[in-house]
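S.K.: Below is the structure I would like to discuss, written out as structure tokens.
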Amino acid sequence: METVLVTGGCGLIGQHICSGLLKKRYSVIAVDSKPGNYNEGKLNYRFIEADPTDKNAYAEIFENNQIDILIHAACTVDNDLGPIVTEKEIEASRQCDKFIYRYAMTGTVKKVILLSTEQVYEFPKSREPIREDGELKPDTNYAALKFASEKAMFTEMTHHKDDEGEYKVLCCITRFSPVYTFDFTDNLMAKITDPKDGTKFVSGKGQYGFQFCCVHNLVDFILCYVKNAEDISYAGTYNVSDKLLTTAADIISFMREHHSLGPVVQKNPVASLSKLKGIFGGNKEEKTNYRYLNLTKLEYNNMLDNTKAAKLCSPRWNLNNTK
């Protein structure tokens, strides 16, 4: 039985990753700064309490256990971080990156999976899907945090090759869109909330779309990668998201049917919002708030190209069947 170490293993995303691994008969060690009861008491599950920056705790974990796979979900928004990312969170992630990859790649680990973010990309004004080799522009704090983590993993990986010059550890970066589940709707609501006054709004008939990633699509991909990625050809970056965009109208319908939603104000068509760039674009809140809605980009309809990830695991979850 292979053992998987999941950092940030008790957050929204981490707990579902651990649950999926347990169902697939892996032994799971979840590390987090505080416990969660989602997987407590399950067979082959063990929780260790430690902050992401606790170097000694992680050293002991790697020393006393044969870890086969590392899933690095710590320092991730909507998992163990809230939506506001400051220098404090960036520094904590940097400290963790300094040792977590080294411990993994000098030990028994065969695969490392990093949870990153789509925010590292430069989002084009065109509707061309964003591919893994697209232009990068990590200009939010969270994007900078994850981009630094990506680089730290790659740098460490280059120091660990076998006698034939091949990398010893299979590394995977998942750049995924804002997540949701049936009950976790914060990212959905952010797309219909005016950041200026907090009112819920829709422009036109709400047919402009946003890229999301159901947590269960992300977990499905990770489980598939853990099981099926066999050689260096599987290494690299993967965009992970829902198959299709979710429109503002979809969000409003979902919230009204399954949750509570107050008044939704009809605002000017999105074309007129481009005039407000000077008011809404490029401010401090947009840099620090993961969920900040830039009104000038409503009509961009940006979409990730998830073809590469879909070859391993086709996304089957969406707003209509999420749980």
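S.K.: Answer yes or no: is there a residue in region 105-126 that is small (Gly, Ala, Ser), on the phi < 0 side of the Ramachandran plot, at pLDDT 95 or above and out of contact with any helix residue (DSSP H, G or I) (no Cβ under 7 Å at 6 or more places or on another chain). Full working, then the answer.
M.R.: So the first thing to find is which residues in region 105-126 are small (Gly, Ala, Ser), and the list is 107, 116, 126.
With the extra rule that they be on the phi < 0 side of the Ramachandran plot, the set shrinks to 107, 116, 126.
Okay, now just the ones that are also at pLDDT 95 or above, so 116.
Then drop every residue that is not out of contact with any helix residue (DSSP H, G or I) (no Cβ under 7 Å at 6 or more places or on another chain), which leaves none.
Checking region 105-126: not a single residue is small (Gly, Ala, Ser), on the phi < 0 side of the Ramachandran plot, at pLDDT 95 or above and out of contact with any helix residue (DSSP H, G or I) (no Cβ under 7 Å at 6 or more places or on another chain).
S.K.: If you go through region 88-119 one residue at a time, how many are without any contact (Cβ under 8 Å) to a residue 60 or more places away in the chain and either surrounded by fewer than 22 Cβ atoms within 10 Å (Cβ to Cβ) or more than 18 Å from the chain's Cα centre (by Cα) (or both)?
M.R.: So the count comes out to 15.
S.K.: Being surrounded by fewer than 21 Cβ atoms within 10 Å (Cβ to Cβ) and over 18 Å from the mean Cα position of the chain (by Cα) is the requirement here; does residue 122 meet it?
M.R.: Numbers: surrounded by fewer than 21 Cβ atoms within 10 Å (Cβ to Cβ): yes; over 18 Å from the mean Cα position of the chain (by Cα): no.
The answer is no for residue 122.
S.K.: Among (1) touching a residue at least 60 places away in the same chain (Cβ under 8 Å); (2) closer than 21 Å to residue 206 by Cα; (3) hydroxyl-bearing (Ser, Thr, Tyr), where does residue 296 come up short?
M.R.: Failed condition: (1).
S.K.: Here's another thing I want to ask about it. Has region 34-46 got any residue that is more than 24 Å from the chain's Cα centre (by Cα), crowded, with 17+ Cβ neighbours inside 10 Å and not small (Gly, Ala, Ser)? Give the derivation first.
M.R.: First pass over region 34-46, keeping only residues more than 24 Å from the chain's Cα centre (by Cα): 41-44.
Restricting the remaining residues to those that are crowded, with 17+ Cβ neighbours inside 10 Å gives none.
Scanning region 34-46 turns up no residue that is more than 24 Å from the chain's Cα centre (by Cα), crowded, with 17+ Cβ neighbours inside 10 Å and not small (Gly, Ala, Ser).
S.K.: Going through region 63-81 one residue at a time, which ones are farther than 19 Å from residue 38 by Cα and out of contact with any strand residue (DSSP E or B) (no Cβ under 8 Å at 6 or more places or on another chain)?
M.R.: Quick first cut of region 63-81, residues farther than 19 Å from residue 38 by Cα only: 63-70, 75.
Listed by number, the residues that qualify are 63, 64.
S.K.: Can you confirm whether residue 144 is closer than 22 Å to residue 74 by Cα and touching a Pro at 6+ places or on another chain (Cβ under 7 Å)? Before the answer, list the steps.
M.R.: Values: closer than 22 Å to residue 74 by Cα: yes; touching a Pro at 6+ places or on another chain (Cβ under 7 Å): yes.
Yes; evaluated as a whole, the condition is true for this residue.
S.K.: Looking at region 202-243, which of its residues are more than 20 Å from residue 132 (Cα to Cα) and of a type in the set (Gly, Ala, Ser)?
M.R.: 203, 204, 206, 209, listed by residue number.
S.K.: In addition: I'd like to verify a number: residues in region 168-184 that are buried (at least 18 other Cβ atoms within 10 Å of the Cβ) and in contact with a His (Cβ under 7 Å, 6 or more places away or on another chain), how many? Let's see the steps before the verdict.
M.R.: Keep residues of region 168-184 that are buried (at least 18 other Cβ atoms within 10 Å of the Cβ), which gives 169-180.
After this cut, where a residue has to be in contact with a His (Cβ under 7 Å, 6 or more places away or on another chain) as well, the list is 169.
Result for region 168-184: 1.
S.K.: Among the residues of region 236-273, write down those that are of a type in the set (Ser, Thr, Tyr) and either modelled with pLDDT of 90 or more or touching a Lys or Arg at 6+ places or on another chain (Cβ under 9 Å) (or both).
M.R.: Keep residues of region 236-273 that are of a type in the set (Ser, Thr, Tyr), which gives 237-238, 241, 246-247, 253, 260, 272.
237, 238, 241, 246, 247, 253, 260, listed by residue number.
S.K.: When you scan region 154-272 for strands (runs of 3 or more DSSP E) that lie fully inside it, which ones turn up with 2 or more residues that are closer than 19 Å to residue 121 by Cβ and in contact with a helix residue (DSSP H, G or I) (Cβ under 7 Å, 6 or more places away or on another chain)? It would help to see each step written out before you state the result.
M.R.: Numbers: elements: 170-176, 201-203, 236-240, 265-267.
Because the criterion is at least 2 residues that are closer than 19 Å to residue 121 by Cβ and in contact with a helix residue (DSSP H, G or I) (Cβ under 7 Å, 6 or more places away or on another chain), the strands (runs of 3 or more DSSP E) in region 154-272 that meet it are 170-176, 236-240.
S.K.: Turning to a different aspect of this structure: Mind listing just one residue for me: the one in region 148-167 that is in contact with a strand residue (DSSP E or B) (Cβ under 7 Å, 6 or more places away or on another chain) and either within 24 Å of residue 17 (Cα to Cα) or without any contact (Cβ under 8 Å) to a residue 12 or more places away in the chain (or both) and, of those, surrounded by the fewest Cβ atoms within 10 Å (Cβ to Cβ)? Spell out the reasoning first.
M.R.: Start the filter on region 148-167 by keeping residues that are in contact with a strand residue (DSSP E or B) (Cβ under 7 Å, 6 or more places away or on another chain), which leaves 149-150, 153, 157, 160-161, 167.
With the extra rule that they be either within 24 Å of residue 17 (Cα to Cα) or without any contact (Cβ under 8 Å) to a residue 12 or more places away in the chain (or both), the set shrinks to 149-150, 153, 157, 161.
Working: 149: 26, 150: 20, 153: 25, 157: 19, 161: 12.
Checking each candidate, the answer is 161.
S.K.: Please work out which one of (1) over 27 Å from residue 311 (Cα atoms); (2) without any contact (Cβ under 8 Å) to a residue 40 or more places away in the chain is the condition residue 192 fails and give its number.
M.R.: (2) is the only condition that residue 192 fails.
S.K.: Quick check on this structure: which one of 203, 233 is surrounded by 17 or more Cβ atoms within 10 Å (Cβ to Cβ) and either modelled with pLDDT of 95 or more or of a type outside the set (Phe, Trp, Tyr) (or both)? Even if it seems obvious, please write down each step before you answer.
M.R.: Values: 233 fails: surrounded by 17 or more Cβ atoms within 10 Å (Cβ to Cβ).
After ruling out the rest, the residue left standing is 203.
S.K.: Still on this structure, I have one more. With 77, 85 as the choices, which residue is among the β-branched types (Val, Ile, Thr), buried (at least 18 other Cβ atoms within 10 Å of the Cβ) and over 15 Å from residue 8 (Cα atoms)?
M.R.: Details: 77 fails: over 15 Å from residue 8 (Cα atoms).
Only one candidate passes the filter, namely 85.
The values are calculated or read from the model by the stated rules, or taken from the named source; none is laboratory data. The model shown is predicted, which means the values in this text are computed figures rather than measured ones. Reconstructed Cβ throughout: ideal geometry from the backbone, glycine too, with neighbour counts over all protein chains shown.
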